[in-house]
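I have placed the structure first, in the form of structure tokens, so that the comments after it can refer back to it.
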Amino acid sequence: MSVDNDILHEDQLCILEEVEKGFNIGIIGTGTGFGSILELTDNPDLEEFFPKLNLVALSQPGSRDRRLQKALDMGVKVYDNSQSMLKAHPEINLIIELTDQQNMIKKLRKTVPEHISILDHNAAAFLCGMLIMIEVSNKCRLNLSQQQALFMAVTDQLQEDMLLLDTRGVIQDVNRNVSRRLGKEKSELVGYFCWEVFDCSAKWQSAHPNSSECPFRKTVETRKPAEAMQSWVDDQGRVRYYRIYTYPVFNEAGRLTRVVEMRRDITVRTEMEKRLQQSEKLAAIGELSTYIAHEIRNPLFAIGGFANALLRNPKLDSGSVEKVKIIQQESRRLDKILKSIINFARPTKPAQQPVNVNEVLNDVMQLFNLTCEEKCITIQMLKDDNLAKARSDPELLKQCLINLIKNAVEFMPEGGTLTLKTFMDEDYVGVEVSDTGKGIPKDIRDKIFNPFFTTKESSGAGLGLAMTKKIVDDMGGKIDLLSQEGKGTSITIRIPLLLAVPESME
């Protein structure tokens with residue numbers, strides 16, 4: 001280290017030492033700015049911006065000056081002259097001259113020891129300006145604190161996720177709902193890209209800024225509000241729907257500086273809309289099936305009858321016989337589909353009687369034991385022996401379980417594990433049917449309860465799960481789906497408990 005650097009380093013150390021120790025102040029005179037200096041030295045808020053100012057003593061000839069009273073109340077010693085003050089208080093390292101005498105500062109520089117700093121009127125005016133700055137700062141800080149408290153009170157009461165992003169998509173702030181839902185503190189989220197926090201790489205693909213559907217990207221590009229609907233599969237395989245809204249924030253110059261993003265969970269609303277749509281579909285199917293029953297079954301019956309008559313004709317050659325057999329087979333298949341449609345559209349009237357769900361499940365599994373054994377499917381029965389009885393129709397419940405178990409078996413063509421579990425959940429008796437098959441792809445997960453939707457290429461009218469849902473709904477129950485691709489699917493039906501109430505109250 002050079003000599004100049006050593007000197008500079010020592011000077012820096014001296015300055016730091018003075019700052020740490022603060023200043024022991026002696027005031028000479030009670031002229032202009034005296035009251036402001038007293039306020040500065042008696043203001044604890046100044047310590048946040050400036051070294052500690054400790055007013056030790058002051059000198060003022062005579063003791064009748066009214067301005068001295070405040071200093072006396074602060075415990076400051078008063079002396080008739082500066083020599084007496086400095087002699088009594090050798091710890092003073094800063095003198096502020098307020099005598100309003102132009103030649104006083106020159107006299108002080110000749111008589112005051114070199115280690116004591118001296119501030120004249122101009123420097124004192126600077127200190128007074130600092131007092132004004134502190135007052136303005138405190139008012140601004142109070143106003144900002146009030147605005148922040150109001151903003152947080154409003155945003156934290158929102159049930160939606162709310163994020164403040166910069167123009168790159170980096171999170172600047174979030175409301176309480178985001179922290180609560182993600183299980184993280186705000187400090188753990190600020191500074192990250194929003195698509196990193198919500199794991200857009202796997203689940204929120206349409207939310208990634210490279211996606212043309214990303215509302216954040218649209219807002220940054222167009223400088224206008226944008227919105228989009230996004231679906232997300234949680235860790236348990238459940239689909240949730242979110243409506244994403246983004247709003248631009250401009251500064252006074254009209255430049256885009258921030259983007260406010262709101263995420264609203266619309267899963268319940270979407271499910272209700274889908275139920276309404278399905279009800280409308282069922283109503284339309286009911287009307288259509290009635291028309292089909294009258295207009296198609298009669299000619300279909302005639303086609304089948306004539307096909308049977310032709311088959312009994314000995315004059316038909318072998319080629320014609322094969323063609324007639326195809327006509328007969330296809331007419332039977334069409335009649336079977338027609339019956340399924342009519343049965344599905346026909347209103348179900350479940351019998352409200354006590355049902356032992358465990359016994360119904362045992363009866364159903366007797367139909368599938370051999371099939372599971374042939375397909376190398378292991379059966380796990382997890383039944384609650386203390387299960388309450390359900391209020392249901394045993395035959396319709398059996399039909400539901402057959403549909404669910406049949407689908408689970410078909411989803412495991414190469415074998416696996418079929419788990420059947422019974423349980424009680426609040427006001428319901430539940431049956432959970434789980435498989436270890438390939439799972440249901442995300443893009444069709446919302447459609448599997450729709451009438452006529454099927455993933456089976458060769459057979460099936462697509463009414464099994466739709467009929468199951470309809471029966472469960474008619475019984476006052478609920479049906480839930482959990483599925484993860486490559487891991488399996490679990491469908492749970494819940495049937496109302498049988499309550500111990502008198503028959504007259506039913």
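For segment 391-400, enumerate the residues that are crowded, with 23+ Cβ neighbours inside 10 Å and either under 16 Å from Leu420 (Cβ atoms) or touching a Phe, Trp or Tyr at 6+ places or on another chain (Cβ under 6 Å) (or both).
Taking segment 391-400 first, the residues crowded, with 23+ Cβ neighbours inside 10 Å are 392, 397, 400.
Residues satisfying the conditions are Leu397, Cys400.
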Which of the residues spanning segment 472-488 are more than 25 Å from the chain's Cα centre (by Cα) and crowded, with 21+ Cβ neighbours inside 10 Å?
Met475, Gly477, Gly488
Among the candidates Gly183, Gly191, single out the residue that is more than 30 Å from Phe250 (Cβ to Cβ) and either at pLDDT 85 or above or of a type in the set (Gly, Ala, Ser) (or both).
Gly183
Please indicate, with yes or no, whether at least one residue in segment 480-503 is in a loop (DSSP other than H, G, I, E, B), at pLDDT 80 or above and more than 28 Å from Ile377 (Cβ to Cβ).
no
Scan segment 456-466 for residues that are more than 23 Å from Leu396 (Cβ to Cβ) and at pLDDT 75 or above and jot them down.
none
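The rows are residues; the columns are (1) outside the structural domain of Ile171 (by TED's automatic domain parsing); (2) modelled with pLDDT of 75 or more; (3) acidic (Asp, Glu).
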{"position": "Gln205", "(1), (2), (3)": "no, no, no"}
{"position": "Pro209", "(1), (2), (3)": "no, no, no"}
{"position": "Pro215", "(1), (2), (3)": "no, yes, no"}
{"position": "Thr219", "(1), (2), (3)": "no, yes, no"}
{"position": "Gly237", "(1), (2), (3)": "no, no, no"}
{"position": "Glu252", "(1), (2), (3)": "no, yes, yes"}
{"position": "Thr257", "(1), (2), (3)": "no, yes, no"}
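Being in a loop (DSSP other than H, G, I, E, B) and either small (Gly, Ala, Ser) or exposed (fewer than 15 other Cβ atoms within 10 Å of the Cβ) (or both) narrows it down to one of Asp384, Asp446, so name that one. Even if it seems obvious, please write down each step before you answer.
On the way: Asp446 fails: either small (Gly, Ala, Ser) or exposed (fewer than 15 other Cβ atoms within 10 Å of the Cβ) (or both).
None of the others qualify; the one that does is Asp384.
Just to be sure I understand, how many residues within segment 98-127 are part of a helix (DSSP H, G or I), of a type in the set (A, V, I, L, M, F, W, C) and in contact (Cβ under 8 Å) with a residue 60 or more places away in the chain? It would help to see each step written out before you state the result.
Step one: filter segment 98-127 for residues part of a helix (DSSP H, G or I), giving 104-111, 121-127.
Filter once more, so that each one left must be of a type in the set (A, V, I, L, M, F, W, C): 104-105, 108, 123-127.
Now restrict to residues that are in contact (Cβ under 8 Å) with a residue 60 or more places away in the chain: 104, 108, 124-125, 127.
Total meeting the criteria: 5.
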Could you say whether any residue in segment 433-455 is closer than 24 Å to Val355 by Cα, at pLDDT 80 or above and among the aliphatic types (A, V, I, L, M)?
yes
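The values are calculated or read from the model by the stated rules, or taken from the named source; none is laboratory data. These numbers come from a predicted model, not from an experiment. Note that we place each Cβ from the backbone using ideal geometry, even for glycine, and neighbour counts take in every protein chain shown.
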